[in-house]
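Have a look at the structure below before the remarks.
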Amino acid sequence: MKDIYIIDAVNLLFRSYYAIGPMTNDAGASTSAVYGFIRSTQKLIKTFSPTHMVCVFDGPDNKKSRQSVYAEYKMHRKGAPEDLFPQFEWAAEFCKLKGISVLSVSGVEADDTMAAVAVWAKKRGGKAYLCTSDKDLMQLVDDDIFLLHPAKDYAKIDAKAVQEQFGVRPDQMLDLLAIMGDSSDNIPGLPGFGPKTAAALLHEFGSLDAILAHPEKVPGEKKQQTIRTHKADALMSRELATLDCHVEIPRDISFYAISEGNQDALAHFYHTMKFTSLLRETGSVDEGKQNKVRATTDQHLYHLVDTQLELEKLASRLKDASEIGIDTETTGGSVMEAQLVGIGFAFVEGEAWYVPTNGNLGRPFVIEWLSAFFAKTKAKFFGHNLKYDWHVLQNEGIDLRHIAFDTLLASYLIDPQNRRHNLDELALEKFKKVKIPIESLLGKGKTAVTMLAVEIAKVKEYCCEDIDYTARLKEYFTEELSTKKLEPVFYDIEMPLLPILAKMERRGIYLDVDELKEIGHLVTKEIGVLEKAIFKEVGHEFNLGSPKQLSHVLFTELGLKKPGHAKTEFATSADVLEALAEDNPVVASILEYRTLEKLKSTYIEALPQTVHPKTNRIHCTFNQSVAATGRLSSQDPNLQNIPVRSQIGGQIRSCFKPQEREYRFVGADYSQIELRLLAHFSDD
């Protein structure tokens, strides 16, 4: 009998849906959950090389049997988001194309189906690996059945791991679940009995039946009374948590064998879902007929310009050009520090030139030549993410003017919901071109930063390919902008904004670090006062930053009741604490402590680290192509998220100031601009 790997599909899909940022396909449908599901499944296959696998979904009307026992079972659970439902079907489609069996039994929950497969495999002499983070399935763990936790790099959970995590043996997990209940499934359990209390009682009594038989032996009159009053609830909870291992499942081992699947159809599926990174990994691209197009089939002519004669030929071409594409190769690092190691030029698709600064011509000569060229030329320039190239050239004292077209901004404007506008993704999506990664050109473990001096010819291929496909994208997007009537927005708003943002980034903003340090001393002192007050109220010290320890203090020691919307095991998220703070001063103090700690770590300690040592200013990056609404965003650091509402937040904000006395800040802002626009367009 072969080992079987059993995937909890819904568990993986829900986890991926909330863990991965918004992703959509060409139709605008959400795809983040199925993308994460595919990545997790691929990782499982790569890590364990299974030969037998099944992906299990809930069956139709799956709560029927348990709701016949308890009508309120899972009745309080929020339904899945609307945009998640189609992704269940897509996940099943992926499995079939990949050669993985899919199992869904009508009237049965996935947990029961998984349990039935695992127990059947064990009886046939195999081992079963349940790929899930669901603790309910831990009751099955023994010498032949294990859990693989997807959120922990598929760490294997055996009997010892169950004991370490919950304080009970796997054969006691069912009784533990019955005692502590489950708010997400609306299983009542014994009110006020958390996991620690339940584990301690099972350690002492051995089983739920022994606890219910002798409530008088349980410490504490309140607990004794709860056990007597809610005995029926505990027994019902155990029945609800019991997995049905007798579900009718396929019992032919060949059903679970992984087949070759259909690679062409899988590539087509990836293309439809807009999973370009997955498509690239298949080694093929879809053209509607599933024909394979290799990266080496395109025709091009790429020139290395590393002699005086070659440079003169290029200069002649540049002199006659009205539009020139450029792409810089650098040493990497921040835009304020990156040094130019080469530059690519293109005018039309299929031909490009690369001029290295570390070749035979020598760096000083090339920099001087570039400076003279950019100062005199009247040509207009295009590129992909030209703001970066602008900074790189500025670092060399070269001023890039006449910026006319940025393919990254064009892609963003045409498809703002898409978060992937990098050149490799666009080349694959628009031209079915699998671009050559720099790592594969230079060899494993080597980068352009370390190898440019000795691998100029290879980097030439990389840079020329970049600017070549930028030229192709320019032609493509020019037509798209016209078709979608976006030219005025692109040429009159987005492109003129690009050099302004570049200059803002380069200018930076002054931060009074000394004043911020003084504020930091006061905040640290206040945090210490709050810590002492909280510890005094609780009666002992504990790690306020540990959700596990805080949960134990709040819900076990202080006996607070978890709000109904609490989602996590330890339930110490901000919304939970805010609900508790109204009636408990300790929780209010904990919230205030958290607020000050966040201000301290996020701003007071972090902001000074971003000040440039030469300019004494912060140089963030303004993102023109990220927010789907068209707004700007900023990063490294995010200067649009400096606090202002609280007193301390306002003091932190005040540390941003004009560097010179005669300078002033001017604030100009629209209040609720989107709502005002909506009111205008809707005539409201």
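Under 5 Å between amide H atoms, partner at least 5 residues away or on a different chain: which partners does GLY342 have, H built in plane at 1.01 Å?
So GLY342 has HN proximity to GLU329, THR357.
Compute the helix-to-body angle for 308-320: its Cα long axis versus the longest principal axis of the chain, expressed 0 to 90° and rounded to tens.
Orientation of helix 308-320: about 90 degrees from the principal axis.
With an 8 Å cut-off on Cα pairs and a minimum separation of 6 or more residues, tell me the relative contact order of the chain in percent.
The value is 10 percent.
If the cut-off is 16 Å between C-alpha atoms, which lysines fall inside it for LYS435, apart from same-chain ones fewer than 8 positions away?
In chain and number order, the partners are LYS292, LYS458, LYS460.
Tell me the per residue accessible area of the chain using a 1.4 Å probe; a whole number in Å² is fine.
50
If Lys and Arg each add +1 and Asp and Glu each add -1, what is the summed charge of the other residues whose beta carbon sits under 15 Å from the beta carbon of TYR663?
+2
How high is the FRET efficiency from GLU479 to ALA404, r the C-beta distance, R0 22 Å, rounded to 0.05?
Calculated value: 0.85.
Percent antiparallel among DSSP beta bridges with both residues in the chain, to the nearest 5?
In the chain, approximately 50 percent of DSSP beta bridges are antiparallel ones.
What's the carbon and sulfur percent of the chain's accessible surface, probe 1.4 angstrom, rounded to a whole number?
So the carbon and sulfur contribution to the accessible surface is 51 percent.
Nearest 20 debye, what's the magnitude of the dipole of the chain about its Cα centre given +1 on Lys and Arg Cβ and -1 on Asp and Glu Cβ?
640
Full extension from ASP83 to ASP171: what is 0.36 nm times the residue separation minus their Cα-Cα distance, to one decimal in nm?
Going from the current span to full extension adds 27.9 nm.
Just one of (1) 186; (2) 214; (3) 158 is volume of the Cα convex hull per residue in Å³ as worked out from the coordinates here. Which one is it?
Given (1) 186; (2) 214; (3) 158, the structure-derived one carries the label (2).
Just subtract the alpha-carbon distance of VAL513 and LEU678 from 0.36 nm times their residue separation and send over the number in nm, one decimal.
55.3 nm
Using the Cβ atoms and a cut-off under 10 Å, what net charge is assigned to the surroundings of SER133, where Lys and Arg are +1 and Asp and Glu are -1?
Residues near SER133 contribute +1 overall.
For a test of the definition: using alpha carbon positions, the gyration tensor, and the 1.5 limit on a/c, classify region 584-680 as rounded, prolate or oblate.
Cα axes put region 584-680 in the oblate bin.
Using Cα pairs closer than 8 Å and at least 6 residues apart in sequence, work out the relative contact order for region 179-225, in percent.
Working: 32 pairs, mean separation 10.8, N = 47.
Relative CO of region 179-225 lands at 23 percent.
Within straight cross-link reach of LYS156, meaning Cα distance under 19 Å, which aspartates and glutamates are found once same-chain residues fewer than 8 apart are removed?
Excluding near neighbours in sequence, the set is ASP3, ASP8, ASP111, ASP134, ASP136, ASP142, ASP143, ASP144, GLU164, ASP171.
Please work out the C-alpha center-to-center distance from region 342-362 to region 298-324 and express it in whole Å.
7
Determine the relative contact order of region 345-420: mean sequence separation of Cα pairs under 8 Å and six or more apart, normalised by residue count, in whole percent.
25 percent.
Taking the Cα centre of the chain as the origin and placing charges on Cβ (Lys, Arg +1; Asp, Glu -1), which of TYR593, ALA33, GLY650 is farthest toward the positive end of the dipole?
It is TYR593, whose Cα lies furthest towards the positive end.
Just how far, in whole angstrom, is region 178-240 from region 569-594 if you go by their alpha carbon centroids?
Going from one Cα centre to the other spans 27 Å.
How would you order 232-239, 662-669, 28-35 from highest to lowest mean count of nearby Cβ atoms within 10 Å?
In descending order of packing, they fall as 28-35, 232-239, 662-669.
So, by mean Cβ neighbours within 10 angstrom, what's the order for 644-651, 399-406 with the highest one leading?
Numbers: 644-651: 12.9, 399-406: 17.8.
For the peptides 644-651, 399-406, the packing ranking is 399-406, 644-651.
Which whole-Hz ³J(HN,Hα) couplings does region 158-168 yield from phi under the Karplus relation 6.51 cos²θ - 1.76 cosθ + 1.60, θ = phi - 60°, glycine and proline marked x?
After applying 6.51 cos²θ - 1.76 cosθ + 1.60, I find 9, 4, 5, 5, 4, 4, 5, 7, 10, x, 9 Hz.
Across region 500-651, how many lysine pairs, 8 or more positions apart or on different chains, have C-alpha atoms separated by under 27 Å? Please give the number.
Going through region 500-651 pair by pair, I get 29.
With a ≥ b ≥ c the root eigenvalues of the C-alpha gyration tensor of region 150-203, is it rounded (a/c under 1.5), prolate (a/b larger than b/c) or oblate? Mind dumping the intermediate values first?
Details: a/c = 2.53, a/b = 1.45, b/c = 1.74.
Because a/c hits 1.5 or more and a/b fails to exceed b/c, region 150-203 counts as oblate.
Using only Cα atoms, find the angle between the long axis of helix 110-123 and the longest principal axis of the chain, and express it within 0 to 90 degrees, rounded to the nearest 10.
Roughly 80 degrees between the two axes.
Working from Cα positions, state the angle (0 to 90°, nearest 10) between the long axis of helix 85-98 and the longest principal axis of the chain.
For 85-98 against the chain, the angle is about 80 degrees.
Taking the simple approach of a point 7 Å from Cα along Cα-to-Cβ for both LYS378 and LEU301, what is their distance in nm?
The answer from the label model is 2.7 nm.
The values are calculated or read from the model by the stated rules, or taken from the named source; none is laboratory data. Please read all numbers here as calculations on a predicted model, not as lab measurements. Backbone-built Cβ (ideal geometry, glycine too); neighbour counts: all protein chains shown. Just so you know, the surface numbers come from the protein's heavy atoms only, side chains and all, with ligands and any DNA or RNA stripped out. Shrake-Rupley method; radii C 1.70, N 1.55, O 1.52, S 1.80 Å.
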